[in-house]
Each structure stands twice: as C-alpha cells, then as structure tokens.
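Scroll down for the structure; my scribbles are underneath it.
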Amino acid sequence: MAGLGVGLASTGAVSGRSAAVATPTVLTRNVYLGLDLTRLFRAESLGDVKRIAGQFLDEIDPSVYEARAEAIAGEIAATDADVVALQEAATFRSQRPSDYGSESEASATAVLVDMLAEITSALAARGLDYTVAAETVTTDLELPAATDEGTVDVRITDRDVLLVRSDVDVGSVVTDTFDAALELQIPDSSKTAVLQRGFCSATVQMGEGTFTAVSTHLESVTELFRLSQAKELLDRVPTAQPVVLCGDFNSGPGGQTYDRLTASFDDAYAVRRPDSEGYTCCQASDVRNDESQLTRRIDAVLYRGGLRPTTVRRVGHEPSSRVEARAHGETITVWPSDHAGVAATFELPTTTPTATPEPTTDPPASPTESDSTATETPSPTATTSPTATVGGSGPGMGLTAAVAGMVLGVLARAFRD
C-alpha cells in the first residue's frame, strides 16, 4: 500500500475562489441491517445456529424494511443531498431446500429484501433520480435456518454504497475491502464466518470543482481492527484534492480511531456545532423504542482539501422521525434506522487551496435540532451500476480460539453498530 494519506488537511475556506462556488450537500446514513445477531454468535452448536437463523427469517419482514426505506428516502429528499453515503445497505436472500455444507453448495439467490433497491425505488417514486455510483460488498454470510418446512439457507449480504444525483458528473470509482477482518468458526462445521469491512469512493464534479466522496463502515468489535482499517483507508484516499469521508466509524471524539482520522480530516459536525453532542447511535435492535436511545456520536462527515462546511445537521434522530409499518398483522412504529444520519453542505474550492481560515460555527443545536484488489471503473450512467469488487474471505486477520471465545458475546455489534 501507499504511504499514509495525510495531505491537504484543512479546516475551511480557500483564498482566490471563483465567484461561482459549488455547494454540494453530502449525507451519510447507516440504514441498519435490522437484525440483532448477538444470538447467532452465542450459538454453541450448529443446531443453535439453525434455530437462531430460522428466527432471523421470521424477523425479515419486507413491509418493515420498505417502511424504513421510505423514511430514509424522505430524509434524502428533505436534505436535498447531492451525494448519499450508505452503510449496511443489505440484501437478504434465501434458498429452499438448504444445500448448506453439501458438495454442490450454491449461494442463495431468492431475494427477500434489498434495502438499496427499496431506497432507490422510494426515491424514484418521489421523482428523484439517483445513480448508484459505487458499491462494495463487504460481509456475505450464508447460514442454514430451521423452519417448519425444513432447513432453508439464509444469506446476508452487507454493502457500502454511494448514491449520486444523476445530473452530477461522476469520474473514477474505487471499491475495496480491508485486509483487517474478523473470522469465526461456525460451530460443528468446517465453515468460517468472515466479518468483512470496506469502502467505496467516487470522484464527483460540481460546477468547476471536484472532490472525492467516500463511504465506509469500520469494525465495531475491537479498536485493534478498527484502527487498522482506518490506517488502510487513509492510505487509499486521495491527498491532492478535496475529500469528503463519510461513514459509521464506530469511534467518536476521544476514540483512537476517530483521533487518527481527524489528524488528517476535520469533522463537519464538530466544526459547525462544537457545543452539541450530536449523538447518532443507537436505537433498540428492533427499532421500536418510543424515546431516543442515542448516546454516542460515531457517524460523521469528515473533510479536507479546502472544503468549507456551511451547514450540518442530523436526520432521523427525533421521535417524529418514526414511521408506521405492518409486522405480522399488527401496526408498529419504528425508527428509520438504529442510527441517525448526518448531512453537511460545503463550499467546494475551484482553485488550489492557499489558506485555511477557520469556518464560523453554527449556533448550539437545540434538543430538537433541525438539522482484495481495488478496481477503478469509468463513470456510471444513470441507468447502470458499476460492478462491486469483492474481497471475498481474503487473507483477513483470523482470531485465535482463545480470543474468539472472549469476543463471542459481542460479535453481533459488528453488524449492529
């Protein structure tokens, strides 16, 4: 890998900008897997795995995911975002009957829920045209699930995604997974579950300015892996042009990973709302809680290279953000995600940055604030999506049996946070 990418760290405006300054709005949104996987990783036998995976199948209710996707599309519309960075944009698939562990085993293909498709469909229904500019498949996990009709395979595919308005020009695209990945042996099986993380990026041109947008989701289980992934990410992002780095970093102010990233980047929320806690994580695992349970700020829009943030706000954090859905014959109320999103608007430089004065800050927010091998692909069209480069299981960084035993009880946070 290249040397650590720390260039052009800056906090704001540049001198000599032309009169026509582009003002892109970028939204980062963890859309939430929707399942509490703690039960799965506490399984002591393959029978336990099948029973728990069967419960997952019962909980994958398309109507609930559709309602949450509609709410997230509404947030995108309300923020008028030019670029949307999504994490946990999952697809769930099944296969009947199961062929798990057989010599002729094939991946499940029958789609139960596709959150990315649900969100883009909801946007299109609003007359909003977004392109899937970049997409990275990270974790791709398939398990046998016990049902009344026999064993069924359930497949969970996680993705990091960048959506861009179709009238915005997109240049080179990079999709990749990190070398640092958690591995866990499935009980009573030769199978290994690889909890992969990654990122995707795209060069975006607006007016006379250009910047690179990045979407990523870092490990939640251990700081060691999270910090290693952050270092890989810093090695990969451009240093010679403006960059907006969006994601669920699973680390906030004072955390080692956050501090490492903000040694090279500035945090739009911290700059514009220094007196606001701005919590983004996490609601209850079933997202049915009435009052907000957000207590950590781990989702952020970071930036460098002469960009100047002008506004920043959260979305999906107030009780009024909740939406109704039908689940197993009853009406329930759910949050759009277990995370809140963060939207930031920037002034985009059109000349080489020559000065970095501090931007002014927004007034303090009120409690109800309104606010593998990488590949490069050519610019996508509004009707196509670039093929994601998948790292597969990769070399990873497998846990020893002793360490795995210590983290079994918290591994599910790798998907929840």
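So, in region 57-82, exactly how many residues are polar (S, T, N, Q) and closer than 19 Å to Ala327 by Cα? Summing the residues that are polar (S, T, N, Q) and closer than 19 Å to Ala327 by Cα in region 57-82 gives 1. Selection of region 285-307 for residues being of a type in the set (Asp, Glu) and either within 30 Å of Glu330 (Cβ to Cβ) or surrounded by fewer than 24 Cβ atoms within 10 Å (Cβ to Cβ) (or both) yields Asp286, Asp290, Glu291.
Checked against the criterion of being of a type in the set (Lys, Arg), in a strand (DSSP E or B) and surrounded by 18 or more Cβ atoms within 10 Å (Cβ to Cβ), region 265-275 has no qualifying residue.
The set of residues from region 109-136 being closer than 19 Å to Val64 by Cβ, β-branched (Val, Ile, Thr) and out of contact with any Lys or Arg (no Cβ under 7 Å at 6 or more places or on another chain) comprises Val113, Ile119, Thr120.
Here Leu27, Leu40 are screened, and the one residue that is farther than 20 Å from Ala240 by Cβ, at pLDDT 95 or above and not β-branched (Val, Ile, Thr) is Leu27.
Listed here are the residues, each with its yes/no results for (1) among the basic types (Lys, Arg); (2) over 19 Å from Arg197 (Cα atoms); (3) touching a strand residue (DSSP E or B) at 6+ places or on another chain (Cβ under 8 Å).
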{"position": "Glu232", "(1), (2), (3)": "no, no, no"}
{"position": "Asp275", "(1), (2), (3)": "no, yes, no"}
{"position": "Thr280", "(1), (2), (3)": "no, yes, yes"}
{"position": "Ser285", "(1), (2), (3)": "no, yes, no"}
{"position": "Ala300", "(1), (2), (3)": "no, no, yes"}
{"position": "Arg308", "(1), (2), (3)": "yes, yes, yes"}
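Condition first: within 20 Å of Ala90 (Cβ to Cβ), part of a loop (DSSP other than H, G, I, E, B), at pLDDT 95 or above and of a type in the set (Phe, Trp, Tyr). Can you find one or more residues in region 192-205 that meet it? No, region 192-205 contains no residue that is within 20 Å of Ala90 (Cβ to Cβ), part of a loop (DSSP other than H, G, I, E, B), at pLDDT 95 or above and of a type in the set (Phe, Trp, Tyr). Is it the case that region 239-261 has a residue that's of a type in the set (Val, Ile, Thr), at pLDDT 95 or above and touching a helix residue (DSSP H, G or I) at 6+ places or on another chain (Cβ under 8 Å)? Yes, region 239-261 contains a residue that is of a type in the set (Val, Ile, Thr), at pLDDT 95 or above and touching a helix residue (DSSP H, G or I) at 6+ places or on another chain (Cβ under 8 Å). Scanning region 165-186 for residues that are farther than 30 Å from Phe225 by Cα and either at pLDDT below 95 or assigned to a strand (DSSP E or B) (or both) gives Arg165, Asp169, Val170, Gly171. Please verify whether Glu88 is of a type in the set (Asp, Glu) and under 14 Å from Leu141 (Cβ atoms), treating the condition exactly as stated. Spelling it out, Glu88 is indeed of a type in the set (Asp, Glu) and under 14 Å from Leu141 (Cβ atoms).
Only residues that are more than 22 Å from Leu245 (Cα to Cα) and surrounded by 16 or more Cβ atoms within 10 Å (Cβ to Cβ) were counted across region 177-194, and they come to 7. Within region 195-222, the set of residues being on the phi > 0 side of the Ramachandran plot and among the hydrophobic types (A, V, I, L, M, F, W, C) is empty.
One residue alone among Ser366, Ser320, Ser379 is at pLDDT 95 or above, outside any strand (DSSP E or B), more than 21 Å from the chain's Cα centre (by Cα) and surrounded by fewer than 24 Cβ atoms within 10 Å (Cβ to Cβ), and that residue is Ser320.
Here is a check on your reading of the model: is Thr151 farther than 16 Å from Thr216 by Cα and in contact with a helix residue (DSSP H, G or I) (Cβ under 7 Å, 6 or more places away or on another chain)? Taking the combined requirement at face value, the residue satisfies it. Checking region 65-80 against the condition returns a match, with at least one residue being closer than 16 Å to Asn30 by Cα, aromatic (Phe, Trp, Tyr) and either at pLDDT 95 or above or in contact with a Ser or Thr (Cβ under 9 Å, 6 or more places away or on another chain) (or both).
The values are calculated or read from the model by the stated rules, or taken from the named source; none is laboratory data. The shown structure was predicted, so the numbers you read here are calculated from the model rather than taken from an experiment. Backbone-built Cβ (ideal geometry, glycine too); neighbour counts: all protein chains shown.
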